[in-house]
Amino acid sequence: MLQHKHLLGLEGYPSEDIQTIIDTAFGFRKVLERPIKKVPSLQGKTVVNLFFEMSTRTRISFELAQKRMSADTVSFSAASSSLNKGESFKDTVQNIEAMKIDAVILRHPASGAPLHLTKFVDAVVINAGDGTHEHPTQAILDMMSLQEQFNNLEGLKVGIIGDISHSRVALSNIFGLTTMGADVMICGPSTLIPPHIEKLGVKVSYDMDEVIDWADAVNILRIQLERMGTGLYPSIREYRELFGLSVERIKRHSKDLVVMHPGPMNRGTEIDSAVADSDRAIILDQVLNGVASRMAILYLLLGGKTEEN
């Protein structure tokens, strides 16, 4: 089991717990490769998916993880809830918990919302993305995918390229990877790199070719137009020229580079289709590992049963 009741973020999260989640996830990955992809590990547990922001991959991934382990699943849509009638966030979640739930998966546009939620409910809280703060389960599936490729995270060189300032994926990856002993270099336009980020133990570059020369793997992030104002970069065309991952750019570097992307992809902007669909990209492996790693997180936090129990 894990040292913390909740999974709110990876800042300060113990390395042994991250490794436990990854190792457990590889066990559940085998379940997903069976003809019958279901185990009774969370039978009798009730999990609520509380999403206050749009989501496709994360929401489906969590729902699949819950159903693969036989949990009872309830999905809550803020757009059609009593919140639109003036009900407070606190009253909403306390009413849901009164229905005897065991865990809440929360995505919210406000940074810190999952921590705030723990003050109102006794259920396990798992952060599925809060504002521009963290997205810990995405970082864990990314680290699982890297371990699958390289067998070890210690000493691995990982470049994170794109909109760092507005990316909760970037921050969770930085916390997780540095905790596990990987070296991280971030890259993007200077207007999209937070000041003093070197204090988190990462290198900073504004030259994508330098990152590719250095890295074993790169994680390509999208420009988060929904979270930024205007004028932070000149144009899509210039962004693609300077920071887009194209076949031509990769060919200039004689090395095997593993390419990742958390999705959704803006093809032709931060990554070209020929790269995203190539053998060097492990983007679909990340998707499968997302289900396995979220199964592991739910299992470990909810005290799930093994198949032998």
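Specify which of the listed residues (PRO189, PRO194) is more than 19 Å from the chain's Cα centre (by Cα), modelled with pLDDT under 95 and farther than 18 Å from GLU11 by Cβ.
Result: PRO189 is the single residue among PRO189, PRO194 that is more than 19 Å from the chain's Cα centre (by Cα), modelled with pLDDT under 95 and farther than 18 Å from GLU11 by Cβ.
Of everything in segment 284-309 that's outside any helix (DSSP H, G or I) and of a type in the set (Asp, Glu), which residue is surrounded by the fewest Cβ atoms within 10 Å (Cβ to Cβ)?
Per the stated criteria, the residue is GLU308.
Within segment 130-168, restricting attention to residues that are at pLDDT 95 or above and among the hydroxyl-bearing types (Ser, Thr, Tyr), which residue is nearest to LEU7 (Cα to Cα)?
Out of the qualifying residues, it is THR137.
What number of residues within segment 240-273 are more than 13 Å from ALA217 (Cβ to Cβ), among the aliphatic types (A, V, I, L, M) and surrounded by 14 or more Cβ atoms within 10 Å (Cβ to Cβ)?
Final tally of qualifying residues: 3.
Would you confirm whether any residue within segment 123-143 is more than 23 Å from MET260 (Cβ to Cβ) and without any contact (Cβ under 8 Å) to a residue 12 or more places away in the chain? Step through it out loud before you land on a result.
We begin by selecting, within segment 123-143, every residue more than 23 Å from MET260 (Cβ to Cβ); these are 123-125.
Among the residues that remain, those that are also without any contact (Cβ under 8 Å) to a residue 12 or more places away in the chain are: none.
Scanning segment 123-143, I find no residue that is more than 23 Å from MET260 (Cβ to Cβ) and without any contact (Cβ under 8 Å) to a residue 12 or more places away in the chain, so the answer is no.
Only one of (1) over 30 Å from LEU42 (Cβ atoms); (2) modelled with pLDDT of 95 or more; (3) surrounded by fewer than 16 Cβ atoms within 10 Å (Cβ to Cβ) fails for ALA281. Which number is that?
(3)
Where residues in segment 75-114 are at pLDDT below 80, in a helix (DSSP H, G or I) and out of contact with any strand residue (DSSP E or B) (no Cβ under 9 Å at 6 or more places or on another chain), which of them is farthest from LEU64 (Cα to Cα)?
This residue is LYS85.
Please enumerate the residues belonging to segment 4-22 that are more than 17 Å from VAL169 (Cβ to Cβ) and of a type in the set (Ser, Thr, Tyr).
Answer for segment 4-22, where residues must be more than 17 Å from VAL169 (Cβ to Cβ) and of a type in the set (Ser, Thr, Tyr): SER15, THR20.
From the list ASP91, ASP102, exactly one residue is surrounded by 15 or more Cβ atoms within 10 Å (Cβ to Cβ), among the acidic types (Asp, Glu) and over 21 Å from ALA281 (Cα atoms). Which is it? Walk me through it before giving the result.
Details: ASP91 fails: surrounded by 15 or more Cβ atoms within 10 Å (Cβ to Cβ).
Checking each option against the conditions leaves just ASP102.
Mind listing whichever residues of segment 1-43 are over 30 Å from LEU153 (Cα atoms) and free of Cβ contacts under 8 Å to residues at least 12 places away in the same chain?
Correct list: PRO35, ILE36.
The values are calculated or read from the model by the stated rules, or taken from the named source; none is laboratory data. No experiment lies behind these values; they were computed from the predicted model shown. Neighbour counts are summed over all protein chains in view; Cβ atoms, including those assigned to glycine, are modelled from backbone coordinates with ideal geometry.
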